[in-house]
Amino acid sequence: KKLKAIVVKSANRNIPIHNNDALAEVIARWKKVDDKMGLGRTVSRRGMRGGYEGNYQRGIVPVKNLTLNDWESYVNLTYENVSKCFEIYSNACPTCNFNHFNRFIHGGVDLKEPSFDTLVGYGPNIGFSDPVQVVKLITLADRMGLETQETSWILSWLMECRQDGLIGNKELDGLCLEWGNYEAVTQLMRKIAHREECGAWLAEGIYKAAQKLGKKAL
């Protein structure tokens, strides 16, 4: 597709509202209700990553490309332990009042706030338990214009393929893509973003990449 972004600029930012008071009343009522129910109850207090512990206990956190759901290092990525590793500052969200639009600062560098999907995608899904490494990988994917979830699944699929002997270092340009190998993961992500060497066929997505490797990888 070769499309990174679409920017839309409005000539007129004033949107006419039929009954502004009624709209404000509905929004206020929605905020009170959503703040106490379902996902809103978690996100309003702990952001999008706040459901990690509960989902782990339910057995729905993916570990090593969904081959496991039990992970001895899961505690490293709990809400409290991740929060200890960063300076976290709230940002104004343009669409709601929930706590999910924060700045994560580490070593003076602005990083991407993890959601549940990206936290587990670049954490247990590919064998990482260091919160700083996980958040740096999420940030790298975001800033290179990669689709963060798809990229995490490509990585975990490749790691399982390598573990099972379906692919080796040679096909990955000499990279030793093992669970938790930070240097290999960052190098491969850059190759995918720039379509360099093995990144050229991996950038097509998991299905086409699996077709290239053969039936056992599908």
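The values are calculated or read from the model by the stated rules, or taken from the named source; none is laboratory data. As the structure is a computational prediction, the values presented were derived from the model and not from experiment. Cβ placement follows ideal geometry from the backbone for every residue including glycine, while neighbour counts extend to all protein chains displayed. Heads up: the accessible areas ignore ligands, DNA and RNA and are worked out on the full protein's heavy atoms, side chains in. Shrake-Rupley method; radii C 1.70, N 1.55, O 1.52, S 1.80 Å.
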Does the stretch 123-130 contain any residue that is open to solvent by 30 Å² or more (accessible area, probe 1.4 Å), of a type in the set (S, T, N, Q) and at pLDDT 95 or above?
yes
Restricting attention to the stretch 100-141, and to residues there that are of a type in the set (Gly, Ala, Ser) and under 13 Å from the mean Cα position of the chain (by Cα), which single residue is nearest to Thr42 (Cα to Cα)?
Ser115
What number of residues in the stretch 90-113 are assigned to a loop (DSSP other than H, G, I, E, B), open to solvent by 60 Å² or more (accessible area, probe 1.4 Å) and farther than 14 Å from Ile138 by Cβ?
8
Looking at the stretch 171-183, can you tell me whether even one residue there is open to solvent by less than 40 Å² (accessible area, probe 1.4 Å) and closer than 25 Å to Ser83 by Cα?
yes
Scanning the stretch 177-190 residue by residue, those in contact with an Asp or Glu (Cβ under 9 Å, 6 or more places away or on another chain) and over 15 Å from Trp153 (Cα atoms) turn out to be Tyr182, Ala184, Gln187, Arg190
In the stretch 142-179, what residues are under 11 Å from the mean Cα position of the chain (by Cα), in a helix (DSSP H, G or I) and within 18 Å of Glu197 (Cα to Cα)?
Thr151
State whether one or more residues within the stretch 79-89 are assigned to a loop (DSSP other than H, G, I, E, B), of a type outside the set (A, V, I, L, M), out of contact with any Lys or Arg (no Cβ under 8 Å at 6 or more places or on another chain) and at pLDDT below 95.
no
Would you pick out the residues in the stretch 199-218 that are closer than 18 Å to Asp164 by Cα, in contact with a helix residue (DSSP H, G or I) (Cβ under 9 Å, 6 or more places away or on another chain) and not charged (D, E, K, R)?
Ile206, Ala209, Ala210, Gln211, Leu213, Ala217, Leu218
Whether any residue in the stretch 98-117 is touching a Leu at 6+ places or on another chain (Cβ under 6 Å) and either farther than 15 Å from Asn181 by Cα or modelled with pLDDT of 95 or more (or both) is what I want to check.
yes
Looking only at the stretch 180-218, filter to residues that are outside any loop (DSSP other than H, G, I, E, B), of a type in the set (Gly, Ala, Ser) and over 16 Å from Gly127 (Cα atoms); which one of those is modelled with the lowest pLDDT?
Ala217
Output the residue which, of all residues in the stretch 114-141 that are in a helix (DSSP H, G or I) and of a type in the set (Ser, Thr, Tyr), is farthest from Val75 (Cα to Cα).
Thr139
Test Arg190 against the stated conditions and say whether it is under 27 Å from Tyr74 (Cβ atoms), among the basic types (Lys, Arg), open to solvent by 10 Å² or more (accessible area, probe 1.4 Å) and out of contact with any Cys (no Cβ under 8 Å at 6 or more places or on another chain).
no
Pairs with Cβ under 9 Å, 6+ apart, first in the stretch 179-207 and among the β-branched types (Val, Ile, Thr), second surrounded by fewer than 17 Cβ atoms within 10 Å (Cβ to Cβ) and assigned to a loop (DSSP other than H, G, I, E, B):
Ile192/Met144
What is the residue count in the stretch 76-95 for residues that are without any contact (Cβ under 8 Å) to a residue 40 or more places away in the chain and either within 20 Å of Ala28 (Cβ to Cβ) or in contact with a Phe, Trp or Tyr (Cβ under 9 Å, 6 or more places away or on another chain) (or both)?
11
